[in-house]
Each structure stands twice: as structure tokens, then as C-alpha cells.
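J.: Quick one: this structure, given as C-alpha cells, is what I'll be asking you about.
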Amino acid sequence: MNICRRMRFLILAAMLAAPASATGVIKCNAGPQSAWKSTDALKAKLTKEGWKVRLAKPDGGCYEVYGTTPKGERVEAYFHPLTFEKLYVARRGEVLFRAKGY
């Protein structure tokens, strides 16, 4: 039974790592982090829009968010840290949304 749990964990970890490596190309030229809006403000905005945010963190000059959309899709998404503009959304390596220029 322990082997089964370990295998499930390894498979899940591999599935989560695949989209992350594909999204490393998202970059924001947002200036110094001290000028950015807070991750708490982003979480509050997304929650108000119906998202369930599991994690929000800086990545590539953007905010990377792991969560569930209002439609119930578990995704990885990128937002601009000054405007909170949605830049990129992917689910298990499938691009669901990509803003023009990103």
C-alpha cells in the first residue's frame, strides 16, 4: 500500500512539474518588486471573481497562481503584478488562455 501511495505522489508531482516548465517563458517587465501590488491583494481580487487560490508567488517578474477557476478548472495562471492583468492560464500543459504579446 505504501508503494501505491508513493507512485500516486510521483505521478502527481510529474504532472504538476510539466506545465511549470512549459510556462517559464512568461516574463513581466514590472520593475522592482517593491512597487508591485501584494499577493494578498491578488488573492482577494481572484477570490471575489470566484477563484479558489491555493498558492500565489512571484515568478519571472509576474505573479504565478495555482488555483481553481470559477468554472472549476484546476490551473496554473500568470498575472501582471502591477495591473493584475491575466496573462496566461494552463491546465496540465494545455494552454487555456494567453494574452497577446505573452
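The values are calculated or read from the model by the stated rules, or taken from the named source; none is laboratory data. All values reported here derive from a predicted model rather than from experimental measurement. Here the Cβ is made from the backbone with ideal geometry for all residues, glycine too, and neighbour counts use every protein chain on show.
J.: Just for region 66-85: of the residues that are over 18 Å from Trp36 (Cβ atoms) and of a type in the set (Val, Ile, Thr), which one is nearest to the chain's Cα centre (by Cα)?
T.: Val75
J.: Turning to a different aspect of this structure: If a residue has to be within 14 Å of the chain's Cα centre (by Cα), modelled with pLDDT of 90 or more and loosely packed, with under 12 Cβ neighbours inside 10 Å to count, how many in region 21-44 make the cut?
T.: 0
J.: Given the conditions (1) in a strand (DSSP E or B); (2) over 29 Å from Pro32 (Cβ atoms), report the number of the one that Lys57 does not fulfil.
T.: (2)
J.: How many residues, within region 67-102, are of a type in the set (D, E, K, R) and outside any strand (DSSP E or B)?
T.: 5
J.: Scan region 68-92 and report the pairs whose first residue is in contact (Cβ under 8 Å) with a residue 40 or more places away in the chain and more than 14 Å from Leu46 (Cβ to Cβ) and whose second residue is in a strand (DSSP E or B) and of a type in the set (A, V, I, L, M), with Cβ atoms within less than 8 Å and a gap of 6+ or a chain change.
T.: Correct list of pairs: Tyr88/Ala77; Tyr88/Val95; Ala90/Val75; Ala90/Ala77; Ala90/Leu96; Arg91/Val75.
J.: Run down Ala18, Ala14, Ala77 and say which single residue is closer than 19 Å to Arg98 by Cβ, of a type in the set (A, V, I, L, M) and modelled with pLDDT under 95.
T.: Answer to the selection: Ala18.
J.: Follow-up. Which is under 18 Å from Pro32 (Cβ atoms) and at pLDDT 95 or above, of Tyr88, Tyr63?
T.: Result: Tyr63 is the single residue among Tyr88, Tyr63 that is under 18 Å from Pro32 (Cβ atoms) and at pLDDT 95 or above.
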